[in-house]
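K.L.:
Dropping a structure here in C-alpha cells format, bear with me for questions.
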Amino acid sequence: MNISVDRAEAEQKDASDALAPYRASFFIPPREDGSDSIYLCGHSLGLQPRGVARIFNEELDHWAELGVEGHFASTRPWLPYHEQLTASLAKLTGAMVTEVVAMNSLTVNLHLMLASFYRPRAGREAIVIEKRAFSSDQYAVESQIRHHGFDPHTALIELSPREGEDTLRTEDICAVIEREGSRIATVMLSGVQYLTGQRFDIEAITRCARKHGCMVGFDLAHAIGNVPLRLHDWGVDFAVWCSYKYLNAGPGAIGGCFVHDRHIRSPNLPRFAGWWGHDKSTRFEMPAAFHPIATAEGWQVSNPSIFAAAPLLASLPLFDAAGMDKLRAKSLQLTGYLESQLLARLNDELSIITPKDPEMRGCQLSLRLHRPAVEARAVFDSLAKQGVICDWREPDIIRVAPVPLYNSFVDVWEFVAALEQALK
Ligand SMILES: Cc1ncc(COP(=O)(O)O)c(C=O)c1O
C-alpha cells in the first residue's frame, strides 16, 4: 500500500463531494495543537452548528428586552416556538406535519407514548424488545409492565441474535411475532441499534406486528437524520427520538414524537395530559375539561424549553438544504469507504459487527478488535491520544460514525491510519 497515494484518493473524493461545504457550518473540536480532531462520534453527540450561538443570543435578548411578552411579541414568539420545527421533522421522519411534535426528551416521550400504545390486558400483556436494547428503553418498558400490574419475567419478550451472531435477522423478529402475536400488546424496537449500528427493517416489522393486532413503535435515537424514514407509509403506530445525535441540537436538546394519523383523533386512546396538549384556542381560558389538539401536539404535556429547542432552528435548515436523499447517498459512500479501508488495511485485526449490507445500516460501524478487552481498550485510548474522537461501549466495541453532513473522506482515512498506529 502506498500511503500518500491512498490519502490523495481520499482528498480526491472530498474534492468531488458536493456536500463537503456543509462541514464549514459546524465547529470541529480542536486537538491540543489547534488542528481539527477526527470527530466520528455523531452517533453520540452531534457537532455544534455555527448558527446556534446567534439564535441562543437572540432568545436571551428577547427575554431581556421583552420579558413575558417574548411569548407573543418576539420575532420568534415562544408560544408556538416548537411549531417552527415541525415541517423539517416531518420530512426527516416521512410523516405528515400533523403526526410529529418536538417535545421533552426521549425516554419521557417513550413513557408518554407507551401510556397510549401499551394497553395490556390479561392474555395480551407482552412487550417485545431487543435483549440488548439501550438500557433506558429496557427500564422504561419494564417499569410500564409493572405499572400495569404485570410481571416483566413473563410479559417481556426479549429478542437475541442467533448463537454466534451479533445482529438480529428480520425473519427471526417476525417469527417471534408470528408465534407469540396473540399475547403481544406492543412491539418496541430501535430504528438503528445503538451498539451494533444495525438498521431494522421498520416496514417489514410493522407489517408483521400489525397483522397480529400488536401496536408497534420505534426508538429512532440513532435513525433520525441518519437513514431515510417513511413512518407514515410504513404504518408505524408511534416513534420517539432525541435530537442531540445526528440532528446536532446539543446535549439534552428537545426530543420528538411521531403518532400515526389513524390514532390522532381516536377517542378511546388514553394519554397523560397536560395544558400544552390542550386545544390552543381555549388553552388560556383554563377550562376544566381537557380537549387535545387534533395533531401529535395533543401529546404535549408542558410548555417546551426554548433553549432546548433553539439549536434545532440552526440545525434543521441544514438538513432541508442538503436533502436527506443526498445525505444518504454520501453516507453510503463514506461508510462504504470506511469499511473498505478497514478490510484492506486491518482485516486480521478486527471484525465489523455492523451488517455488511449497506441497506441494513446507517453511517455507524461497530468494531470488535481481535484482542482481549483490556488490550482493545488500550487501543481505543491510544486513538483518543491521537485526536480521534469515537467511543467505546462495554464490553468490547468501538463505535465509529462518519457523518455525511460534516465528516470527510480524509477523516475516514486519518481514522484508519490512527487505528493502524494504535494497533502497533
Ligand atoms: C437508543 C437510545 N435510547 C434512549 C436514549 C436515552 O435518551 P434520553 O436521555 O434523551 O432519554 C439514548 C441516549 O443516548 C439512546 O441512544
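K.L.:
Within the stretch 169-191, which residues are of a type in the set (A, V, I, L, M, F, W, C) and within 13 Å of residue 202 (Cβ to Cβ)?
P.N.:
Hits for the stretch 169-191 are 173, 174, 187, 188, 189.
K.L.:
Now for a different question. Within the stretch 96-115, count every residue that is small (Gly, Ala, Ser) and touching a Leu at 6+ places or on another chain (Cβ under 6 Å).
P.N.:
Of the residues in that region, 1 qualify.
K.L.:
Taking the condition of being open to solvent by less than 20 Å² (accessible area, probe 1.4 Å) and either within 16 Å of the ligand (Cβ to nearest atom) or among the β-branched types (Val, Ile, Thr) (or both), how many residues in the stretch 229-244 meet it?
P.N.:
Number of matching residues: 8.
K.L.:
Just to verify a result, which residue in the stretch 1-51, among those that are among the hydrophobic types (A, V, I, L, M, F, W, C) and in contact with a Phe, Trp or Tyr (Cβ under 8 Å, 6 or more places away or on another chain), is nearest to residue 253 (Cα to Cα)?
P.N.:
45
K.L.:
Quick one: which helices (runs of 4 or more DSSP H) lie wholly within the stretch 130-228 and hold at least 3 residues that are within 14 Å of the ligand (Cβ to nearest atom) and free of Cβ contacts under 8 Å to residues at least 40 places away in the same chain?
P.N.:
135-147
K.L.:
Does residue 256 qualify as being of a type in the set (Gly, Ala, Ser), open to solvent by less than 20 Å² (accessible area, probe 1.4 Å) and in contact (Cβ under 8 Å) with a residue 40 or more places away in the chain?
P.N.:
Yes; evaluated as a whole, the condition is true for this residue.
K.L.:
Kindly provide the set of residues from the stretch 285-308 that are charged (D, E, K, R) and open to solvent by less than 60 Å² (accessible area, probe 1.4 Å), ordered by number.
P.N.:
Residue satisfying the conditions is 297 alone.
K.L.:
Select from the stretch 40-56 the residues that are in a loop (DSSP other than H, G, I, E, B) and farther than 27 Å from residue 197 by Cβ and write down the one among them that is least open to solvent (accessible area, probe 1.4 Å).
P.N.:
My answer is 51.
K.L.:
Still on this model: Would you confirm, using the coordinates I've provided, whether residue 59 is part of a helix (DSSP H, G or I), in contact (Cβ under 8 Å) with a residue 12 or more places away in the chain, surrounded by fewer than 23 Cβ atoms within 10 Å (Cβ to Cβ) and not aromatic (Phe, Trp, Tyr)?
P.N.:
Considered against the rule, which asks whether it is part of a helix (DSSP H, G or I), in contact (Cβ under 8 Å) with a residue 12 or more places away in the chain, surrounded by fewer than 23 Cβ atoms within 10 Å (Cβ to Cβ) and not aromatic (Phe, Trp, Tyr), residue 59 comes out as yes.
K.L.:
In the stretch 116-132, what residues are aliphatic (A, V, I, L, M) and open to solvent by less than 10 Å² (accessible area, probe 1.4 Å)?
P.N.:
126, 127, 128, 129, listed by residue number.
K.L.:
So, in the stretch 381-399, how many residues would count as being in contact (Cβ under 8 Å) with a residue 40 or more places away in the chain and either within 14 Å of residue 44 (Cβ to Cβ) or basic (Lys, Arg) (or both)?
P.N.:
7
The values are calculated or read from the model by the stated rules, or taken from the named source; none is laboratory data. These numbers come from a predicted model, not from an experiment. With ideal geometry, Cβ positions are generated from the backbone for all residues, glycine too; neighbour counts draw on all protein chains shown. Heavy atoms of the whole protein, side chains included, go into the accessibility calculation; ligands, DNA and RNA do not. Shrake-Rupley method; radii C 1.70, N 1.55, O 1.52, S 1.80 Å.
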